[in-house]
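See structure below.
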Amino acid sequence: MNVLVTGASGFIGRNVLLRAPRGWQVTAVYHSTQGLDDFIRRHALTNVHAIRCDLTNAASVAELARGRDSFEACLHLAANGDPAKSADRPAWDLTLNTLGLVTLLEHVRVGHFVYVSSGAVYDGLEGPVTPQTAVAPLLPYAISKLASEHYLRAFARRTKTVGSYINVRFFGAYGPYEPPRKITTKWMRAIMGGQREFTLRGNGQNLIDFMYVDDAVDGFLKLTASAGFSGTVDFASGSPTSVNTVVETMARVLDVKVTIRHEGHTEEYIQFHTVDKTMREKCGVAPTISFEDGVRKLHDHLIRENDGAGQPA
């Protein structure tokens with residue numbers, strides 16, 4: 001299968017390249033992050049061809065499309081990787097999240113398009129949610145993700161440049177190659193370095209419904225191969241974890257005692273959780289790695305990285 005993967009140099013993207021079937025011919029698009037060619041060579045990914053492209057630039061995307069009539073499938077991961085920054089830089093966020101997608105859709109024909117949206121579209125809600133829940137987010141990142149969902153659906157229905165499509169409202173992942181600022185890697189490295197006291201903003205009950213990256217990637221690959229199905233789905237672990245529990249689990253895995261203190265409040269206070277069962281019942285996708293086991297896997301990866309046996313992102 002001829003597959004286009006955007007955002008290939010990012011956290012999820014690198015793990016997708018590692019786990020994608022070797023029978024797929026993957027065009028891996030990246031923009032500014034360096035080192036993807038070395039990553040591909042180091043892991044002997046002979047089925048992957050990296051191309052640098054600014055998806056927000058029409059000329060750059062036209063060059064990407066030149067000589068390629070179409071792709072059988074696309075997994076669109078390219079996006080603003082720091083949602084919190086969107087509050088202060090909404091135009092920048094809109095450019096990365098929405099203009100980049102629309103520019104790609106204007107130039108490339110795709111048989112089956114998987115757009116990685118975000119659970120952030122439920123911003124401001126509490127309790128159980130599904131793709132049928134009415135949403136009216138205020139966070140610019142969530143607004144641009146929601147707008148992108150609508151654009152993809154419109155292109156599929158009106159221009160016919162996209163065949164089937166799936167908007168995946170992804171609730172997040174953790175694991176190898178994630179940015180060092182992510183709390184799982186940041187706090188794990190802190191505990192490994194001897195830190196035993198953590199100060200969390202708010203009361204620590206903010207929910208995170210993320211999954212280990214292997215589960216996330218396997219789900220995305222399954223969706224990428226699911227041509228013919230169109231719709232919007234939620235993709236989460238189904239077992240929301242509080243921020244307090246994240247720290248406590250890491251301490252338990254490393255067999256150390258930590259003290260958790262709380263101060264102030266957090267702007268991103270999530271108290272919603274998905275009850276959408278489409279991924280499990282229709283797509284046959286369900287995360288299998290518990291948070292504690294995932295933390296152990298991340299810990300093992302960081303040890304190999306520190307010892308020089310693994311390679312940093």
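Screening the stretch 231-248 for residues that are closer than 30 Å to ALA156 by Cβ and among the hydrophobic types (A, V, I, L, M, F, W, C) and picking the one that is farthest from the chain's Cα centre (by Cα) gives VAL233.
Select from the stretch 1-30 the residues that are farther than 23 Å from TYR174 by Cβ and in a loop (DSSP other than H, G, I, E, B) and list them in ascending order. MET1, PRO21, ARG22, GLY23, TRP24 - these are the residues of the stretch 1-30 that are farther than 23 Å from TYR174 by Cβ and in a loop (DSSP other than H, G, I, E, B). Just one of (1) within 30 Å of LEU17 (Cβ to Cβ); (2) touching a Phe, Trp or Tyr at 6+ places or on another chain (Cβ under 9 Å); (3) open to solvent by 50 Å² or more (accessible area, probe 1.4 Å); (4) modelled with pLDDT of 95 or more fails for GLY219. It is (3). You will find that of GLY228, GLY204, GLY264, the residue that is over 17 Å from the mean Cα position of the chain (by Cα), surrounded by 18 or more Cβ atoms within 10 Å (Cβ to Cβ) and of a type in the set (Gly, Ala, Ser) is GLY204 and no other. Can you name the residue in the stretch 20-46 that is open to solvent by 30 Å² or more (accessible area, probe 1.4 Å) and of a type in the set (Gly, Ala, Ser) and is also farthest from TYR177 (Cα to Cα) among such residues? Looking at the filtered set, the residue picked out is GLY23. Screening ARG189 with (1) open to solvent by less than 70 Å² (accessible area, probe 1.4 Å); (2) under 30 Å from ALA251 (Cβ atoms); (3) at pLDDT 95 or above gives one miss only, at (1).
The values are calculated or read from the model by the stated rules, or taken from the named source; none is laboratory data. Here the structure is a predicted model, which is why all the values come from computation and not from measurement. Reconstructed Cβ throughout: ideal geometry from the backbone, glycine too, with neighbour counts over all protein chains shown. Only protein heavy atoms, including side chains, enter the accessible area calculation; ligands, DNA and RNA are left aside. Shrake-Rupley method; radii C 1.70, N 1.55, O 1.52, S 1.80 Å.
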